[in-house]
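Visitor: Pasting in a structure now, in structure tokens, and then I'll have a few things to ask.
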Amino acid sequence: LPGVANAGSRLQESRERLSVCSKLCYAVGGAPYQITGCALGFFLQIYLLDVAQLDAFYASIILFVGRAWDAITDPMVGFFISKSSWTCFGRLMPWIIFSTPFAVISYILIWFVPDISRGQVMWYLIFYCIFQTLVTCFHVPYSALTMFISREQSERDSATAYRMTVEVLGTVLGTAIQGQIVGKVDTPCIESPLFIGMTNSSVSLEELNMTHDTGSLTDTRNAYMIAAGVIGGLYILCALILWAGVREKRESSELQSDEPVSFFQGLKLVMNHGAYIKLIAGFLFTSLGFMLLEGNFALFCTYTLGFRNEFHNILLAIMLSATLTIPFWQWFLTRFGKKTAVYVGISSAIPFLIMVVVLDSNLIITYIVAVAAGISVAAAFLLPWSMLPDVVDDFKLQHPSSHGHEAIFFSFYVFFTKFTSGVSLGISTLSLDFAGYQTRGCSQPSEVNFTLKMLVSAAPVVLILLGLLLFKLYPIDEEKRRKNKKALQDLREESNSSSESDNTELASIV
């Protein structure tokens with residue numbers, strides 16, 4: 001009967017709804033990746049050069065090999081997860097829990113200076129790669145967990161919004177914890193030799209000595225270890241909260257008679273799915289643009305704008321703005337659609353990025369640009385992870401007999417995010433090196449200031465525009481999403497009814 005069917009449908013939907021507590025616990029699981037990634041992204045290069053005192057060439061090898069290693073670990077972890085069987089804790093949760101303690105140990109050892117004359121390069125290279133592998137074992141299954149916390153698309157979108165809010169908070173925490181602890185003993189800038197030659201030599205030497213006496217190398221090393229311990233403790237706490245508050249659910253649309261195809265067959269199917277490739281291509285360019293801005297904005301504020309003592313607060317303004325506006329973008333995408341949210345949210349940063357370069361240095365304008373950039377960062381954080389489940393659902397409808405590929409979708413998505421981070425790091429480092437960047441200098445040549453303007457304005461604007469053009473090809477609009485949702489619901493109901501009829505027939509035979 002229609003009334004009974006509607007009542008049963010409403011009851012099923014109510015059972016699929018996630019509590020606020022469950023969404024919060026799920027969201028907390030996204031913090032470790034962001035906290036550790038932010039601390040490593042902002043401080044590892046400085047640590048290797050100034051604290052571990054490695055040669056710049058070897059520091060570059062460590063940083064780039066670590067990124068290249070991700071190209072292996074992300075698909076590899078996706079492969080092993082796709083082969084994992086269900087346990088009493090689920091299929092994904094065991095990966096998260098068992099990788100956590102080893103990830104924390106390897107993370108702390110990255111920030112430890114071993115008392116050995118040779119082998120330091122191998123020490124940091126090995127533990128950096130080990131940590132990247134273990135954090136992948138945490139983050140890839142955690143990302144794929146989105147598809148297993150609820151069958152309702154609206155609930156997954158809501159949980160994703162909670163997650164993105166916590167992840168942005170995680171970037172704030174990573175920057176704040178590492179910056180505040182290490183910053184107390186950080187060494188200030190050193191005047192360039194040109195400046196020293198133009199001033200009284202005794203005064204110059206006294207100033208140089210003051211820069212080195214503000215904190216001993218041992219104090220700096222201890223500060224890095226304390227910061228690593230605090231972040232490691234937060235990593236464990238977040239993993240425990242995730243494990244205690246989230247229950248992984250087996251997909252109801254998965255038919256018992258289906259045989260999962262091999263990883264490589266699944267990979268071929270995934271990479272041939274047009275919607276997935278177009279989504280990745282669009283966010284590849286926009287992510288690269290925002291990462292160029294993120295990685296060079298502190299240098300831009302310090303040297304080009306001359307706000308050396310304010311850049312910490314400016315970065316904090318960006319992160320707080322992003323955190324506070326994620327709920328707005330969640331409302332916006334539900335009201336106007338995800339593709340519209342992409343165009344409005346990501347493009348809103350363009351005029352402000354142009355403004356900060358064209359206008360004269362002004363602290364108020366810089367803060368306005370920081371807030372506006374944070375609003376776009378929030379959209380760039382939320383929308384990729386909100387749109388990816390739609391692509392997975394679209395894939396299921398086109399390949400109803402193939403299942404268990406969620407980890408492949410998410411592992412390659414995570415890989416491309418890391419890939420853009422590595423590319424932005426390489427572009428920035430090479431560009432500044434060619435421009436004549438002076439390490440730890442109080443000022444920089446005009447060529448460096450021009451390069452920084454290109455890295456935080458011209459290049460991000462071009463990349464964002466290219467990404468938005470690619471999004472025009474993305475085929476899943478709101479109408480398509482609603483049709484997919486209804487078709488999946490029909491598929492699940494058909495699967496459930498066939499399972500019930502099979503059970504009834506088996507019982508009659510018995």
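The values are calculated or read from the model by the stated rules, or taken from the named source; none is laboratory data. This is a predicted model, so every value here is computed, not measured. No Cβ is skipped: glycine too gets one built from the backbone with ideal geometry, and neighbour counts run over all protein chains shown. Keep in mind that these areas ignore ligands, DNA and RNA; they rest on the heavy atoms of the full protein, side chains included. Shrake-Rupley method; radii C 1.70, N 1.55, O 1.52, S 1.80 Å.
Visitor: Would you check which residues across region 103-113 are in contact with a helix residue (DSSP H, G or I) (Cβ under 6 Å, 6 or more places away or on another chain) and modelled with pLDDT of 90 or more and list them? Break it down stepwise before answering.
Guide: Quick first cut of region 103-113, residues in contact with a helix residue (DSSP H, G or I) (Cβ under 6 Å, 6 or more places away or on another chain) only: 103-104, 106-111, 113.
Correct list: Ala103, Val104, Ser106, Tyr107, Ile108, Leu109, Ile110, Trp111.
Visitor: Of the residues in region 331-348, how many are open to solvent by less than 30 Å² (accessible area, probe 1.4 Å) and either in contact with a Leu (Cβ under 8 Å, 6 or more places away or on another chain) or not assigned by the TED database to the domain that holds Phe450 (or both)? Steps first, please.
Guide: We begin by selecting, within region 331-348, every residue open to solvent by less than 30 Å² (accessible area, probe 1.4 Å); these are 332-333, 337-338, 341-342, 345-346.
Now restrict to residues that are either in contact with a Leu (Cβ under 8 Å, 6 or more places away or on another chain) or not assigned by the TED database to the domain that holds Phe450 (or both): 333, 338, 341-342, 345-346.
Looking only at that region, the number is 6.
Visitor: Next question. Among the residues of region 420-432, is there at least one that is open to solvent by 10 Å² or more (accessible area, probe 1.4 Å) and at pLDDT 75 or above?
Guide: The answer is yes; a qualifying residue exists.
Residue-wise test of (1) at pLDDT below 75; (2) part of a helix (DSSP H, G or I).
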{"position": "Ser143", "(1), (2)": "no, yes"}
{"position": "Thr146", "(1), (2)": "no, yes"}
{"position": "Ser150", "(1), (2)": "no, no"}
{"position": "Arg156", "(1), (2)": "no, yes"}
{"position": "Met164", "(1), (2)": "no, yes"}
{"position": "Gly170", "(1), (2)": "no, yes"}
{"position": "Ile181", "(1), (2)": "no, yes"}
{"position": "Thr187", "(1), (2)": "yes, no"}
{"position": "Leu194", "(1), (2)": "yes, yes"}
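Visitor: Which members of region 229-243 meet the condition of being within 19 Å of His139 (Cβ to Cβ) and among the hydrophobic types (A, V, I, L, M, F, W, C)?
Guide: Ile231, Leu234, Ile236, Leu237, Cys238, Ala239, Leu240, Ile241, Leu242, Trp243
Visitor: Looking at Thr100, is it at pLDDT below 75 and touching a Pro at 6+ places or on another chain (Cβ under 9 Å)? Please lay out each step first, then the result.
Guide: Details: at pLDDT below 75: no; touching a Pro at 6+ places or on another chain (Cβ under 9 Å): yes.
Spelling it out, it is not the case that Thr100 is at pLDDT below 75 and touching a Pro at 6+ places or on another chain (Cβ under 9 Å).
Visitor: Okay, next question. Restricting to region 302-313, give me the number of residues that are modelled with pLDDT of 80 or more and assigned to a helix (DSSP H, G or I).
Guide: Qualifying residue count for the region: 1.
Visitor: Please determine whether any residue of region 245-259 is at pLDDT 70 or above and surrounded by fewer than 17 Cβ atoms within 10 Å (Cβ to Cβ). Step through it out loud before you land on a result.
Guide: Of region 245-259, the ones at pLDDT 70 or above are 245-249.
Next cut, surrounded by fewer than 17 Cβ atoms within 10 Å (Cβ to Cβ) only: 247, 249.
Yes, because at least one residue in region 245-259 is at pLDDT 70 or above and surrounded by fewer than 17 Cβ atoms within 10 Å (Cβ to Cβ).
Visitor: What's the total number of residues in region 260-291 that are at pLDDT 80 or above and surrounded by 14 or more Cβ atoms within 10 Å (Cβ to Cβ)? Steps first, please.
Guide: At the first step, the residues of region 260-291 found to be at pLDDT 80 or above are 272-290.
Remaining after also requiring surrounded by 14 or more Cβ atoms within 10 Å (Cβ to Cβ): 273, 275-290.
Number satisfying all stated conditions: 17.
Visitor: May I ask you to list the residues in region 227-243 that are within 16 Å of Ala159 (Cα to Cα) and more than 18 Å from the chain's Cα centre (by Cα)?
Guide: Ile241, Trp243 - these are the residues of region 227-243 that are within 16 Å of Ala159 (Cα to Cα) and more than 18 Å from the chain's Cα centre (by Cα).
Visitor: Would you check if Ala341 is closer than 15 Å to Pro384 by Cβ and more than 19 Å from the chain's Cα centre (by Cα)? Can you show your working first?
Guide: Working: closer than 15 Å to Pro384 by Cβ: yes; more than 19 Å from the chain's Cα centre (by Cα): yes.
In short, yes.
Visitor: What's the total number of residues in region 370-409 that are assigned to a helix (DSSP H, G or I), at pLDDT below 75 and either over 15 Å from the mean Cα position of the chain (by Cα) or not assigned by the TED database to the domain that holds Pro460 (or both)?
Guide: Residues of region 370-409 that are assigned to a helix (DSSP H, G or I), as a first pass: 370-398, 406-409.
Checking which are at pLDDT below 75 leaves us with 381, 385, 406-408.
If we keep only those that are either over 15 Å from the mean Cα position of the chain (by Cα) or not assigned by the TED database to the domain that holds Pro460 (or both) too, we end up with 406-408.
Looking only at that region, the number is 3.
Visitor: Within region 1-96, which helices (runs of 4 or more DSSP H) (wholly inside it) include 1 or more residues that are at pLDDT 80 or above?
Guide: Correct list: 20-28, 31-46, 56-82.
Visitor: For region 106-135, give me each residue that is at negative phi, open to solvent by 20 Å² or more (accessible area, probe 1.4 Å) and free of Cβ contacts under 8 Å to residues at least 40 places away in the same chain.
Guide: Leu109, Asp115, Ile116, Ser117, Arg118, Met122, Trp123, Ile126, Phe127, Ile130, Leu134
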